[in-house]
Amino acid sequence: MDLISVVIPYFKKKKFIDHALKSVLDQTYSNFEIILIYDDEDKSDLKYLNDSYSSNKKIKFIVNDKNIGAGLSRNKGINLASGKYICFIDSDDIWEKEKLEIQLQFMKDNGSFVSHTSYRIIDEENSLIGTRMAKNFSNINEIIKSCNIGLSSVMIKKEIIDGDICFPNLKTKEDFVLWLKILKKEIKILAIDQNLLSWRRTKNSLSSSIIQKLLDGFRVYNKYMDYNFVISVYYLICLSVNYIIKRAND
């Protein structure tokens, strides 16, 4: 059985982390390791995590000296991963128990290097508030105006990750940059249209900060895609409009 490395950055999500970890530990596919990167200068939650999970041999704890952000923490986890495949789950999301088994088999059957799945959107009380359907992406033009990939649904074959294909130093949209880099390398991102993830929308998360998302959205296009100011603003407007449409449909 191929080893799968599951990378989880942790920052002030004590309310949800048990649900996230349980959803990974309860997977029907058993050959996995969990790399949990504690990315908080406040170490108050670290004792709880150690007391609860340090005896579990599947979990490796990495403690950052200072807060470096989710993207750079994931890069650290990837570098320490022993698995042939890498998966990501944020510490407030929840996997369906067959997620790894179904996704790994799909990737082998299709010769895929990257895949993602459809997912449900839940609130802080686990109530369903929306869904997202996974689609195949073969080039950046199919995703450049709207990022429709749930990070916690993604599985990547580790061999494609190199110095360029990694998460950038952004507070939000860091995953969007990674998908664009992958597609620029002419690596297709294949879709599994099954809801294998529940993605949690929280009130105080960085992903809910409109100003931060606008700033980082502009950086995606201007800095990482190297588009000029006008083109970057154009794509940012498209991204924002599509985001509003998606929220209105939730």
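Would you check if there is a residue in the stretch 223-230 being more than 18 Å from the chain's Cα centre (by Cα), closer than 30 Å to TYR85 by Cβ and exposed (fewer than 15 other Cβ atoms within 10 Å of the Cβ)?
So far as the stretch 223-230 goes, yes, one or more of its residues are more than 18 Å from the chain's Cα centre (by Cα), closer than 30 Å to TYR85 by Cβ and exposed (fewer than 15 other Cβ atoms within 10 Å of the Cβ).
Report, ordered by the first and then the second residue, all pairs with beta carbons closer than 6 Å, sequence separation of six or more or different chains, a first member in the stretch 31-59 that is farther than 15 Å from SER82 by Cβ, and a second member that is among the polar types (S, T, N, Q) and assigned to a loop (DSSP other than H, G, I, E, B).
Sorted first by the residue in the stretch 31-59, then by its partner, the pairs are ASP39/ASN64; ASP39/ASN67; GLU41/ASN67.
Any idea which of ILE189, ILE182, ILE244, ILE165 is surrounded by 14 or more Cβ atoms within 10 Å (Cβ to Cβ), out of contact with any strand residue (DSSP E or B) (no Cβ under 8 Å at 6 or more places or on another chain) and β-branched (Val, Ile, Thr)?
ILE165
Let's see how each residue does on (1) in contact with a Leu (Cβ under 9 Å, 6 or more places away or on another chain); (2) within 16 Å of ALA20 (Cβ to Cβ); (3) in a helix (DSSP H, G or I):
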residue	(1), (2), (3)
ILE35	yes, yes, no
GLU41	no, no, no
TYR48	no, yes, yes
SER55	no, no, no
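Among the residues of the stretch 131-164, which ones are among the hydrophobic types (A, V, I, L, M, F, W, C) and under 18 Å from ASN222 (Cα atoms)?
ILE140, ILE143, ILE144, CYS147
Would you list the strands (runs of 3 or more DSSP E) that sit entirely within the stretch 92-184 and hold 2 or more residues that are over 26 Å from PHE32 (Cβ atoms)?
Per the criteria, 128-132.
Given the condition more than 21 Å from PRO9 (Cα to Cα), of a type in the set (A, V, I, L, M) and in contact with a helix residue (DSSP H, G or I) (Cβ under 6 Å, 6 or more places away or on another chain), answer yes or no: does some residue in the stretch 158-173 qualify?
Checked against the condition, which is being more than 21 Å from PRO9 (Cα to Cα), of a type in the set (A, V, I, L, M) and in contact with a helix residue (DSSP H, G or I) (Cβ under 6 Å, 6 or more places away or on another chain), the stretch 158-173 yields no hits at all.
Read-outs: derived from the displayed coordinates by stated rules, not from any lab. Since the structure is predicted, the reported quantities are computational estimates derived from the model, not experimental observations. Note that each Cβ is placed from the backbone with ideal geometry, even for glycine, and that neighbours are counted across all protein chains shown.
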